[in-house]
1. Looking only at helices (runs of 4 or more DSSP H) that fall completely inside the range 6-107, which ones have 2 or more residues that are of a type in the set (Gly, Ala, Ser) and open to solvent by 50 Å² or more (accessible area, probe 1.4 Å)?
2. Return the residues of the range 177-203 that are free of Cβ contacts under 8 Å to residues at least 40 places away in the same chain and more than 16 Å from the ligand (Cβ to nearest atom); say none if nothing qualifies.
3. Within the range 176-203, how many residues turn out to be within 16 Å of GLY124 (Cβ to Cβ) and either open to solvent by less than 80 Å² (accessible area, probe 1.4 Å) or of a type in the set (Phe, Trp, Tyr) (or both)?
4. Say whether the condition of being modelled with pLDDT of 95 or more, in contact with a Pro (Cβ under 8 Å, 6 or more places away or on another chain) and open to solvent by less than 30 Å² (accessible area, probe 1.4 Å) is met by at least one residue in the range 108-124.
5. Kindly evaluate PRO41 against the criterion of being at pLDDT 95 or above, under 17 Å from ILE138 (Cβ atoms) and touching a Leu at 6+ places or on another chain (Cβ under 7 Å).
6. Taking only pairs six or more apart or across chains, which ones have beta-carbon atoms under 8 Å, a first residue in the range 113-124 that is in contact (Cβ under 8 Å) with a residue 24 or more places away in the chain and part of a loop (DSSP other than H, G, I, E, B), and a second residue that is open to solvent by 50 Å² or more (accessible area, probe 1.4 Å) and of a type in the set (Lys, Arg)?
7. What are the residues in the range 55-85 that are within 13 Å of the ligand (Cβ to nearest atom) and either over 11 Å from the mean Cα position of the chain (by Cα) or not hydrophobic (A, V, I, L, M, F, W, C) (or both), if any?
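The values are calculated or read from the model by the stated rules, or taken from the named source; none is laboratory data. On a predicted model such as this, the values are computed, not experimentally measured, just so you know. Neighbour counts run over all protein chains shown; Cβ positions are idealised from the backbone, glycine included. In case anyone asks, the SASA skips ligands and DNA or RNA and just uses the protein heavy atoms, side chains included. Shrake-Rupley method; radii C 1.70, N 1.55, O 1.52, S 1.80 Å.
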Amino acid sequence: MVRDLAERGIKDRRLLEVMSAIPRHLFVPRPLWHLAYADQPLPIAEGQTISQPYIVALMVEALQVGPEHRVLEVGTGSGYQALILASLAAEVYTVERLAGLLEEAERRLAEFGRKNVHFRLGDGTQGWAEHAPYDRIIASGSVPEIPGSLIAQLADPGRLVIPVGDRHLQELVLLRRVGGELLRQELVPCSFLPLIGEEGWKE
Ligand code: SAH
């Protein structure tokens, strides 16, 4: 799987190493284990999905996560991406709106012995103000517009990656804050499940 990611243009060596060390099958339901290393999203519980590995790699690479960074993740899901981020960054703060998913992700990450992931049940479109600002913010669900709360909680310098568009099709947007200015760049078209919340989509 990781060799394919490199062939498709993912260059960040540290990220590729981290991804090759993480057993993705442990984040999907057992009947889907045989598909866990194919480059595709897979259903997890509660009608949600674990993102496609290539998209995870693309997003995390665009984020340029360093060992000193504090990262906010919106949409914990299976916890797979949280574990990747936790292996690259200093601290990861992850917010999920569905209790069942959050509990399972928390249990899984405990099995990996990760102590630098902090979990919160709630509406991540409003970020997690208590621990702001964040050097990096990543959302694994789509929004119609970049939530103002996330922009407000982004450090300077800082990078935010989020799928922005309509319910079915979005552009992966990289927002950088540099010297007080915001620079917006569209990376690739993508299709994510919606973030449901105050600054996302209605139920
Ligand atoms: N990063 C995940 C993929 C998550 S899919 C992984 O690696 O498995 C998107 C997740 O966002 C779903 O679990 C969904 O329940 C969650 N979500 C939707 N709206 C949300 C919100 N407002 N706040 C936090 N999480 C939300």
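1. On the way: elements: 13-21, 53-63, 80-88.
Qualifying helices (runs of 4 or more DSSP H): 13-21.
2. Listed by number, the residues that qualify are ARG177, VAL178, GLY179, GLY180, GLU181, LEU182, LEU183, ARG184, GLN185, GLU186, PRO189.
3. Residues flagged as within 16 Å of GLY124 (Cβ to Cβ) and either open to solvent by less than 80 Å² (accessible area, probe 1.4 Å) or of a type in the set (Phe, Trp, Tyr) (or both) within the range 176-203 amount to 9.
4. no
5. When the stated conditions are applied, PRO41 does not pass them.
6. GLY122/ARG97; ASP123/ARG97
7. If the condition is that a residue be within 13 Å of the ligand (Cβ to nearest atom) and either over 11 Å from the mean Cα position of the chain (by Cα) or not hydrophobic (A, V, I, L, M, F, W, C) (or both), then GLU73, GLY75, THR76, GLY77, SER78, GLY79, TYR80, GLN81 are the ones that fit.
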